[in-house]
Amino acid sequence: MKKEKTSAYIHGFDYSNNAISEAKNKYPIDSEFKCGCIGEIDYPRESFDLIILMDSIYFAPDMSSFIDQMMVWLKEDGKIFVAYQEGDIMPKTENINTSVLFKLLSEKGITFKTEDTRY
């Protein structure tokens, strides 16, 4: 596997030891990877410019609380990118505006943009 260098310091966590090993191997410099589950890992306030969740937010035991936790971790002008799908774990909804995530973000007054990639 090719080792990568980015201009960012990368923090990551996953419940899979294999995923953590692969991440540490691919990004050995300027990175920290932990094995753990959503709700069990914590970071200091305003730690991140960018938080990326790839098909994972719906594994949070309490999605609403996890969104609150991420907002604490995020710097003032930070961004959160969430890849979210319905059908396997989350029930399919009529459209993006009726999804669980859309409703939670709206209820919390969080400004966000969406893109529905269904076809």
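The values are calculated or read from the model by the stated rules, or taken from the named source; none is laboratory data. These numbers were taken from a predicted model, which means no experiment stands behind them. Counting neighbours? That spans all protein chains shown, and the Cβs are built from the backbone with ideal geometry, glycine included.
Below, the figures for the structure above:
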{"quantity": "Checklist (1) assigned by TED's automatic domain parsing to the domain that holds Phe102; (2) in contact with a Phe, Trp or Tyr (Cβ under 7 Å, 6 or more places away or on another chain) applied to Phe81, failing item", "calculated": "(2)"}
{"quantity": "Subset tally (residues that are in contact with an Asp or Glu (Cβ under 7 Å, 6 or more places away or on another chain) and of a type in the set (Asp, Glu)) for the stretch 77-91", "calculated": "0"}
{"quantity": "Residues within the stretch 5-43 that are in a helix (DSSP H, G or I), loosely packed, with under 15 Cβ neighbours inside 10 Å and without any contact (Cβ under 8 Å) to a residue 24 or more places away in the chain, tallied", "calculated": "6"}
{"quantity": "Every residue from the stretch 77-106 that is over 15 Å from Ala60 (Cβ atoms), touching a helix residue (DSSP H, G or I) at 6+ places or on another chain (Cβ under 7 Å) and surrounded by fewer than 16 Cβ atoms within 10 Å (Cβ to Cβ)", "calculated": "Ile96"}
